[in-house]
Amino acid sequence: MNILMPQLGETVEEGTVSAWHKKVGEEVKLDEVLLDVETDKVATEIPAPVTGILTQVLVEEGETVVVGTVLAVIGDSLDTTEDLGSLTETTDDGEFDSSESATEEDAGLGAEVLEEGAPREETRVPGELLSPVVRRLIRDHKIDTKQITGSGRNGRVTRKDVLAFVEAGGDPEAKPDLSQTTSRLIDSDSKRIPFDRIRRVTAEHMVRSKATSPHVLQTMEVDFSYVDHVRLEARESWRKENGFSLTYLPFIGRAVCLAIKEFPRVNSSVEDDALVVHDLINLAIAVDLNFEGLVAPVIQDAGDQTVSSLAHAFYNVSQRAKENLLNADDFSGGTYTLSNPGSFGMLFTAPIINQPQVAILSIDGIKKRPVVVDGPSGDGIAIRPVGVLAQSFDHRAFDGAYSAAFLNKLRTILESTDWSKQL
């Protein structure tokens, strides 16, 4: 049976083989994890559709191919042979190339057949055949591909090649030598924890974001008294009716959507030398996976949703994330991200922008604090629920005054809205 690159979402056109869990000749059982596939949005374990022997691996780790490409073959035994002439491999630019899988009978058609063990002549793949993931990395790091030796099929430069080149400081001859440093850090009590697929994807995205966007952080204190008045009053009835708590998050999400309508550039992305302002507000929400990783699924078309509908959407997508039930479509189209570390009592956090967005909001701990308030007889001290909202933004997209005005509008909405009418 041919194992194909799966369709990991309606908007996903390609995937990268990040790891094979089986080697050629090994037995594979039905539903056993066969390989890991990554896209720009998600990393997924691909199970074996049948029980058998892994007879061929046609796409190596680090290679990016389009949906439908034959990745491997599972047969009854190593003696099982498929008609490889029919296994057309898809290149990164969408063209099909069957020369790699030509059988001996096809030799008369001009396909070169190599004897077993014979070295294949390395050929340089033109830049237009690089996968979009690799092209993006090369563009972000301003790399000349001629300096990189490709380890992929026919010498193709893979994502791992580019990351290794960057780690080596851009020197094609250099290899990172951490022996002296690690010898001082690693002792008999140290434990080495390899990055899993989620951590690897997260690391790549975060490094790329810091390298791409000039980050600026602005913070603002907000009095959540108006929100608390409604939230605490409805707390018991809400939990009994819906099965989960009514938190601050949907109120803030609704206020963000209202503020964005007056400051639309916050809801945009940078493409080349232009700012693309989005009509729809698609809120991404950062979800912690029990300290094993972080994902940011998207609530589509959140702009006109009520606090109640946002509360249900946030809860549902968080539960699905923790149960590993999300697919690539759940991560697509985000235009603004909310991060919510406030449950841990943080004062404020400087979040990293979720590319290609231009801004992200951190919602930090909301606590009762003494504040100065205006009263009939002058200033006084009152106890109010106060929290810090911290926004990181891309200085290419807009300036500090625009971001500050947006945050001020957000604070005004939270502090003056009759939230009983927004549920």
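Annotation: Pro250 fulfils all but one of (1) touching a residue at least 24 places away in the same chain (Cβ under 8 Å); (2) within 17 Å of Ile352 (Cβ to Cβ); the unmet one is (2).
Condition check ((1) closer than 24 Å to Val12 by Cα; (2) in contact (Cβ under 8 Å) with a residue 60 or more places away in the chain) across all residues:
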| site | (1), (2) |
| --- | --- |
| Gly303 | no, no |
| Asn324 | yes, no |
| Phe331 | yes, yes |
| Gln355 | yes, yes |
| Ile363 | no, yes |
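Could you look through segment 401-419, keep only residues that are of a type outside the set (D, E, K, R) and surrounded by fewer than 12 Cβ atoms within 10 Å (Cβ to Cβ), and pick out the one that is farthest from Ile252 (Cα to Cα)? Top of the filtered list is Ala401.
Across segment 335-349, what is the total count of residues that are at pLDDT 95 or above and out of contact with any Gly (no Cβ under 9 Å at 6 or more places or on another chain)? Final tally of qualifying residues: 4. Taking the condition outside any strand (DSSP E or B), of a type in the set (Ser, Thr, Tyr) and either at pLDDT 95 or above or under 23 Å from Asn267 (Cα atoms) (or both), does Thr412 pass? In short, yes.
Among the numbered conditions (1) β-branched (Val, Ile, Thr); (2) outside any helix (DSSP H, G or I); (3) over 26 Å from Leu289 (Cβ atoms), the only one that Val388 does not meet is (3). Restricting attention to segment 246-266, which residues are closer than 18 Å to Phe314 by Cβ and in a loop (DSSP other than H, G, I, E, B)? Scanning segment 246-266 gives Leu246, Thr247, Tyr248.
Return the residues of segment 365-409 that are of a type in the set (Asp, Glu) and either touching a Gly at 6+ places or on another chain (Cβ under 7 Å) or modelled with pLDDT of 95 or more (or both); say none if nothing qualifies. Correct list: Asp394, Asp399. Residues in segment 272-303 that are in a loop (DSSP other than H, G, I, E, B) and of a type in the set (A, V, I, L, M): Leu280, Ile281, Ala286, Leu289, Ala296, Ala302.
Being crowded, with 17+ Cβ neighbours inside 10 Å and in a strand (DSSP E or B): is that true of Val373 here? The answer is no for Val373. If the condition is being over 13 Å from Leu249 (Cα atoms) and assigned to a helix (DSSP H, G or I), then segment 309-323 contributes Asn316, Val317, Gln319, Arg320, Ala321, Lys322.
Suppose the filter is crowded, with 20+ Cβ neighbours inside 10 Å, touching a strand residue (DSSP E or B) at 6+ places or on another chain (Cβ under 8 Å) and closer than 18 Å to Ser209 by Cβ; does Asn340 pass it? Taking the combined requirement at face value, the residue does not satisfy it.
Listed by first and then second residue, the pairs linking a residue in segment 1-26 that is without any contact (Cβ under 8 Å) to a residue 24 or more places away in the chain to a residue that is not in a loop (DSSP other than H, G, I, E, B), with Cβ atoms under 7 Å apart and 6 or more places separating them unless they lie on different chains, are His21/Val33; His21/Leu34; His21/Leu35. I want to confirm something. Restricting to segment 43-101 and keeping residues that are charged (D, E, K, R) and at pLDDT 50 or above, which single residue is farthest from the chain's Cα centre (by Cα)? Only one residue tops the list, namely Asp79.
The values are calculated or read from the model by the stated rules, or taken from the named source; none is laboratory data. Everything numeric here is computed off the predicted structure, so don't read it as measured data. Positions of Cβ are backbone-derived with ideal geometry, glycine not excepted, and every protein chain shown enters the neighbour counts.
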